[in-house]
Amino acid sequence: MAVAVSTPMLSRRALVFVGIVALHVGFVYVLNAGLAHQAVEMIYGPIETKMIEEVKEEQDKPPPPPPKIETTPPPFVPPPDISIDLPVETTATTAITATTQKPVAKPPPPVAVVRVPPKQNPRRPPSLPDYPPQAKRLGLEGSTVLRLYILEDGSVGDAQIAQSSGHEQLDEAALRHAKRAWKFIPGTEGGKPVPMWFDFRVVWKIVNER
């Protein structure tokens, strides 16, 4: 079976192929001729490239010192000359006469004061106090030392227990009797009677009565 080929169809394909090839060739030529660079500049405008330097941050510097303020001293003003006239006193001569003092007589040495304590009157000796009946029944014995304040007339002004007998009944009986009945020769100082303290002992002892 025979196939018939149409000539007009083949010529049209050939023309399309040729046109494509011609288009590629023309594009390559334009690139080589620098037309593409001009076309880019026309579309996007000129492109400038600049070197951008890196901005370095400055470190904080210390503040400058405060300015020095110079103080000028005040001008020197000399003091005024002042003359003071003082009156001149004339010294009067005084005659000094030496007086001779008489020697002061030394005071006489103090006279020793003779102190004599009170004492019993041998003509009227102090009577013994009555023995307390209850103390006597109980057989209480001992000695009571009384401290007596003898007045100028020899009487007993005050009486205290200087040393106890150990029994209150005996001590109280001695105190009562001394204030009531006793009288002594007063003590003296320089020959004059004066009040004076005097110790006197009372002995308590039971004597068998027959």
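State yes or no: is V145 among the hydrophobic types (A, V, I, L, M, F, W, C) and not in a strand (DSSP E or B)? Taking the combined requirement at face value, the residue does not satisfy it. Taking the criterion of being of a type in the set (G, A, S), touching a strand residue (DSSP E or B) at 6+ places or on another chain (Cβ under 6 Å) and farther than 20 Å from G187 by Cα, the residues of region 142-174 that qualify are G142, S143, S165, G166, A174.
Conditions tested, residue by residue: (1) more than 30 Å from V113 (Cα to Cα); (2) in contact with a helix residue (DSSP H, G or I) (Cβ under 6 Å, 6 or more places away or on another chain).
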| residue | (1), (2) |
| --- | --- |
| V156 | no, yes |
| S164 | yes, yes |
| H177 | yes, no |
| P186 | no, no |
| G191 | no, no |
| V202 | yes, yes |
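Tell me, yes or no, whether region 124-131 has at least one residue that is at pLDDT 90 or above, touching a Gly at 6+ places or on another chain (Cβ under 6 Å) and surrounded by 14 or more Cβ atoms within 10 Å (Cβ to Cβ). Scanning region 124-131, I find no residue that is at pLDDT 90 or above, touching a Gly at 6+ places or on another chain (Cβ under 6 Å) and surrounded by 14 or more Cβ atoms within 10 Å (Cβ to Cβ), so the answer is no.
The values are calculated or read from the model by the stated rules, or taken from the named source; none is laboratory data. Please read these numbers as outputs of a predicted model, since none were measured by experiment. Quick reminder, even Gly has a Cβ in these numbers, built from the backbone with ideal geometry, and neighbours come from all protein chains shown.
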